[in-house]
1. Looking only at the stretch 7-20, filter to residues that are within 26 Å of the chain's Cα centre (by Cα) and open to solvent by 90 Å² or more (accessible area, probe 1.4 Å); which one of those is modelled with the lowest pLDDT?
2. Test of understanding: among ALA48, ALA23, ALA3, which residue is open to solvent by 50 Å² or more (accessible area, probe 1.4 Å), part of a helix (DSSP H, G or I), farther than 16 Å from GLN87 by Cβ and among the small types (Gly, Ala, Ser)?
3. Among the candidates LEU141, LEU124, single out the residue that is closer than 26 Å to GLY44 by Cα and surrounded by 18 or more Cβ atoms within 10 Å (Cβ to Cβ).
4. How many of the residues in the stretch 52-61 are modelled with pLDDT of 95 or more and not aliphatic (A, V, I, L, M)?
5. Quick one: in the stretch 90-102, which of the residues that are assigned to a loop (DSSP other than H, G, I, E, B) and farther than 22 Å from TYR234 by Cα is least open to solvent (accessible area, probe 1.4 Å)?
6. Please find, within the stretch 169-204, the residue that is farthest from VAL138 (Cα to Cα) out of those that are open to solvent by 70 Å² or more (accessible area, probe 1.4 Å) and basic (Lys, Arg).
7. Take the stretch 208-253 and flag every residue that is free of Cβ contacts under 8 Å to residues at least 60 places away in the same chain, in contact with a Ser or Thr (Cβ under 7 Å, 6 or more places away or on another chain) and surrounded by 17 or more Cβ atoms within 10 Å (Cβ to Cβ).
8. Being surrounded by 16 or more Cβ atoms within 10 Å (Cβ to Cβ), closer than 21 Å to ASP178 by Cα, in contact with a Ser or Thr (Cβ under 9 Å, 6 or more places away or on another chain) and not acidic (Asp, Glu): is that true of VAL148 here?
Amino acid sequence: MSAEAESRTDIDLPGKQQDLIDAIKATGKPFVVVLFNGRPLTLGDVAASSPAILEAWFPGVEAGNAVADVVFGKVDPGGKLPVSFPQRLGQVPIYYNHEPTGRPCDVTQKYDSRYRDLRSCDPLYPFGFGLSYTTFSVSGLTLDRTSVSPSGRVRATVTVTNTGDVAGDDVVQVYLHDPVASISQPVRRLRGFERVTLKPGESQQVTFTLDRSDFGFYDNRGAFVVEPGQIEVYAGDSSRATMERAFTVTGRR
């Protein structure tokens, strides 16, 4: 169902698999949907019917052991999505690092970006998203400076805390956005991530070093440039990260 030259016009679960999920739900027994797939799927109906979804992708010859370890709680899952999963097929192509628009999504406004039959433009599951058997908070984003030369560095630090009852992994992510550039820049660009393992109640600081390779870009002539101006920094554990700080690049190189 997914490979080279295997495009699909429908990315729901194929065949009678949704009917099977609904029938199992009707029994009242606890269950988990385990996905073995090589592409994003439209999982709105699956999510509505299922208490839990495990995205296994194609894990190879140890798939059975790996899935069993996760489903029965021997290990805590800590993976994050490397792609966005749409609510419906009509949202495709959908990706977190799209360019900005003068008409961002507003479902209450007729002439802004929107879908008549969806309540939001967001994906069902965004890039970088993933749950586990515990919960985490990512807080306290700080920058070690508010201005930097084109060849300088900025260190962004956050605190990650396991706020749940079991040990687990979280993947902290940092994104950048250049709001005013000679070439329109994506609304967010992933510039760093780090996996941390924490016991219940444990906290850890994570620091990312950002330099010209992060806040620069290639111009229309193929030359790498770092332009002066403000750079926005976002941190969290998915591409929907809301913590924001900013620094200013001074000069040009």
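1. Among them, the one singled out is SER7.
2. ALA23
3. So the residue among LEU141, LEU124 that is closer than 26 Å to GLY44 by Cα and surrounded by 18 or more Cβ atoms within 10 Å (Cβ to Cβ) is LEU124.
4. Looking only at that region, the number is 2.
5. VAL92
6. Among residues in the stretch 169-204 that are open to solvent by 70 Å² or more (accessible area, probe 1.4 Å) and basic (Lys, Arg), the one farthest from VAL138 (Cα to Cα) is ARG191.
7. Listed by number, the list holds a single entry, GLU227.
8. Details: surrounded by 16 or more Cβ atoms within 10 Å (Cβ to Cβ): yes; closer than 21 Å to ASP178 by Cα: yes; in contact with a Ser or Thr (Cβ under 9 Å, 6 or more places away or on another chain): yes; not acidic (Asp, Glu): yes.
The answer is yes for VAL148.
The values are calculated or read from the model by the stated rules, or taken from the named source; none is laboratory data. Worth saying up front: this structure is predicted, and the values here are computed from it rather than measured. A quick note on method: Cβ atoms are made from the backbone with ideal geometry, for glycine too, and the neighbour counts reach across all protein chains shown. These accessible areas exclude ligands, DNA and RNA; they are computed on the full protein's heavy atoms, side chains included. Shrake-Rupley method; radii C 1.70, N 1.55, O 1.52, S 1.80 Å.
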